[in-house]
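Asks: Got a structure here, written out as structure tokens. Questions coming.
Bear in mind these aren't lab numbers, they're just calculated from the coordinates by the rules spelled out. A quick note: this is a predicted structure, and the numbers were derived from the prediction, not measured. Cβ placement follows ideal geometry from the backbone for every residue including glycine, while neighbour counts extend to all protein chains displayed.
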Amino acid sequence: QVQLVESGGGLMQAGGSLRLSCAASGRSFSRYVMGWFRQAPGKEREFVASIFWSGGATYYADSVKGRFTISRDDAKNTVYLQMNSLKAEDTAVYYCAAEASLTLRLDPRAIDYWGQGTQVTVSS
């Protein structure tokens, strides 16, 4: 059974940092692109960042470029999202995702696996 389990969300003041983790299990993700999406209340789910599990190339939404960093740890089968200089508009439920894709430009309609989500709240 494939599982993506997120952790690390919480409440943070603007300007602070949080690190989200996504523990992946149940299959090999070596041919997958791993990503993070987020969804704020009343808004559509939007792409945040992605990484090739093999090779490590990354891609970011313009709104987080320079502030967020996606990475993975092969030994722990875990993907991370380091979020710095947080803003109130970063408040959302953050979802880990996996897609058997050849591109880092993930489409939420094509995702193969989703995590359950973790809440991030940034107070201004």
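Asks: Just to be sure I understand the model, the point goes 7 Å from the Cα along the line to the Cβ. What's the resulting Arg27 to Asp112 distance in nm?
Replies: Using points 7 Å along Cα→Cβ, the separation is 0.4 nm.
Asks: Next question, about the same structure. For the chain, calculate the relative contact order in percent as a whole number, restricting contacts to Cα pairs under 8 Å that are 6 or more residues apart.
Replies: Numbers: 313 pairs, mean separation 43.8, N = 124.
Relative contact order comes out at 35 percent.
Asks: How big is the C-alpha Rg of the chain next to the rule-of-thumb value 2.2 N^0.38 Å, as a ratio?
Replies: On the way: Rg = 13.4 Å, N = 124, 2.2 N^0.38 = 13.7 Å.
Ratio of Rg to 2.2 N^0.38 Å for the chain: 0.97.
Asks: What fraction of the Cα pairs in the range 34-81, stated in percent, has a spacing above 13 angstrom?
Replies: On the way: 633 of 1128 pairs.
The share of Cα pairs beyond 13 Å in the range 34-81 comes to 56 percent.
Asks: While we're here: For the range 36-124, which GluC sites (Glu not before Pro) are in a loop by DSSP, counting at most 13 other Cβ atoms within 10 Å? List each step's numbers first, then the result.
Replies: Details: sites: Glu44, Glu46, Glu89, Glu99; in loops: Glu44.
Those satisfying the criteria are Glu44.
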